[in-house]
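Since the structure comes first, as structure tokens, the remarks are kept for the end.
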Amino acid sequence: MKDIFEKIKTNLGPIGEHAKESHGYFTFPKLSGDINPHMDFRGKKLLNWSLNNYLGLANHPEVRQADIDGASRFGLAAPMGARMMSGNTDYHEELEKGLSKLVQKEDTILCNFGYQAMVSAIDAIVDRHDVIVYDAESHACILDGVRLHMGKRYVFKHNDIADFEKQMDRATKLANETGGAILVITEGVFGMRGDQGKLKEIVALKKKYNFRLFVDDAHGIGTMGPNGGGTGEAQGCQDGVDIYFGTFAKSFALIGGFISSTKEVITYLRYNMRSQIFAKSLPLPLVIGLLKRLELLNKHPEYRTKLWDIANALQKGLVEAGFNIGDTNTMVTPVYMNGSIPEATNMVIDLRENFGIFCSMVVYPVIPKGMIILRLIPTAVHTMEDVKYTIESFSKIKDKLYGGHYQADKIREGFAQKL
Ligand SMILES: Cc1ncc(COP(=O)(O)O)c(C=O)c1O
């Protein structure tokens, strides 16, 4: 019989297979210093466009102080146990109330991790008679939640409403046969392309089909809508979003997540979401820190305005400089270029080492062969100077890419020896 570890020796997986050349630089890079647009990487200060610190709260002095105060008052352990058993506090409930108000829902449940929250909520809501209909470019946490589902699922082409209807016809037929119901799952803001889910169109189709809508708005909470209440608020259809998910890992600059809905649905989730019933509750210092972040998010709409000013200037400048930023209609800014993987790695090395700019690179197999995406994440703490410098630098690397400069293997090879 084989050893279960045998395959691990020969197959590190689609990303892991490049670990030898990428670890510590392209994957698992170590950024240090306070979280802001200028951080240290391998001994140099770089202009950083890779963190989802959208509102700039991560290093806000009041946030830093609240984090310190929470930890010194309560320690990191409290409360012990799951919410249901021994881990509930007034602070947890106060935060849930505040979040419900922000996203215009009756009730909210806090979750220890955003990813786990999505997986576990999907698992709790559907049974084997039910049918899930979901967007093809959904985040991994939705896909994992769908994988747990014992019943049927239909996937619709990304943001394609005609295909959505086609899948809904199939799902409706099946649910009528099984006696189950339909759960539709999509995202508010797609984090890779930056386009919004077509929530308004999907909600409008409730007139034609019978379903409930679950929206993962990890990127939209705090950034979208006049009050930062998310993509449903921005599109004027939050009432039609039956279950709303937000993470604390982006605008809130912490960890954890939450799900909001009617009192009835949240009560059901409190007693049926396995990842919360059988896991320790969010530590109090995190909850105290989150209350401060929520207070700042509500009190300072200008942080959101600043984020959008930076995002709009960056996107306008890139388009004027001839870049393709695809169909983003949010702050997430992907820059699409064409080239091989070696060219992409050479270009990113040049960008980091010679231009002092740090951003994420996406290549095959995440996107089609021959395509390169450099993804820029604007925040409220970037400056117009950062924007100007980045557009100038990007224009220079684009000329070098299309002039064949990055084809030379020696850049990468010479550099690999230094890693
Ligand atoms: C769309 C989306 N959903 C869910 C998550 C998971 O959230 P968390 O990081 O809080 O676990 C992320 C985070 O990357 C995300 O982008």
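List the relative contact order of the chain as a percent without decimals, with contacts defined as Cα pairs under 8 Å and 6+ residues apart.
It comes to 21 percent, rounded to a whole number.
Taking θ = phi - 60°, what integer Hz values does the Karplus form 6.51 cos²θ - 1.76 cosθ + 1.60 yield along region 356-366, in sequence order, with x for Gly and Pro?
Once rounded to whole Hz, the list reads x, 10, 10, 8, 7, 10, 10, 9, 3, x, 5.
For each of Lys400, Lys173, count neighbouring Cβ atoms within 10 Å of the residue's Cβ, then give the residues from fewest to most.
Sorted ascending by nearby Cβ count, the order is Lys173, Lys400.
Evaluate the relative contact order of region 260-358 (contact order divided by residue number), counting alpha-carbon pairs under 8 angstrom at least 6 apart; express in whole percent.
11 percent
So for region 79-282, averaging the separation of alpha carbon pairs under 8 Å that are six or more residues apart and normalising by length, what relative contact order in percent results?
Over region 79-282, the number comes to 29 percent.
³J(HN,Hα) across region 224-230 via Karplus (A = 6.51, B = -1.76, C = 1.60, θ = phi - 60°), whole Hz, x for Gly/Pro?
9, x, x, 9, x, x, x
Give me the lysines in straight-line cross-link reach of Lys9: C-alpha distance below 22 Å, same-chain residues under 8 apart excluded.
Lys20
Report the one residue of Tyr154, Gly194, Val319 whose Cα lies farthest in the direction of the positive end of the charge dipole of the chain (charges on C-beta: Lys and Arg +1, Asp and Glu -1; origin at the Cα centre).
The Cα lying farthest towards the positive end belongs to Tyr154.
Treating cross-link reach as a plain straight distance, find the aspartates and glutamates whose alpha-carbon is under 12 Å from the alpha-carbon of Lys369, omitting any fewer than eight places away in the same chain.
Candidates past the 8-residue exclusion: nothing left.
Exposure proxy check: Ile243, Ile259, Ile391 ranked by fewest other beta carbons within 10 Å?
Ile391, Ile243, Ile259
Counting only the backbone N, which residues of region 44-65 are under 12 Å from the spot 7 Å out from the Cα of Lys30 toward its beta-carbon?
Flagged as within label range: none.
Quick one: which residues, 5 or more positions from Phe358 or on another chain, have an amide H under 5 Å from its amide H? H modelled 1.01 Å from N in the peptide plane, none for Pro or chain starts.
Placed amide hydrogens put Leu47, Asn48, Trp49 under 5 Å from Phe358.
Tell me which residues come under 5 Å, amide H to amide H, from Tyr364 once H is placed; ignore anything under 5 positions away on its chain.
Correct list: Gly370, Met371.
Dividing the convex hull volume of the alpha carbon atoms of region 79-282 by its residue count, what do you get in Å³ per residue?
For region 79-282, the hull spanned by Cα atoms encloses 106 Å³ per residue.
Taking all pairs of different Cα atoms in the chain, averaging 1/r and flipping that mean, what Kirkwood radius in angstroms comes out?
Hydrodynamic radius (Kirkwood, Cα pairs) of the chain is 23.0 Å.
Dipole of the chain, Cα-centred, from +1 at each Lys and Arg C-beta and -1 at each Asp and Glu C-beta, to the nearest 20 debye?
It comes to approximately 540 debye.
Computed from the coordinates by the stated procedures, all read-outs in this text should not be read as laboratory data. Keep in mind that what you see is a predicted model, and the values were worked out from it rather than measured. So basically every Cβ, Gly included, is an ideal-geometry build from the backbone, and we count neighbours across all protein chains shown.
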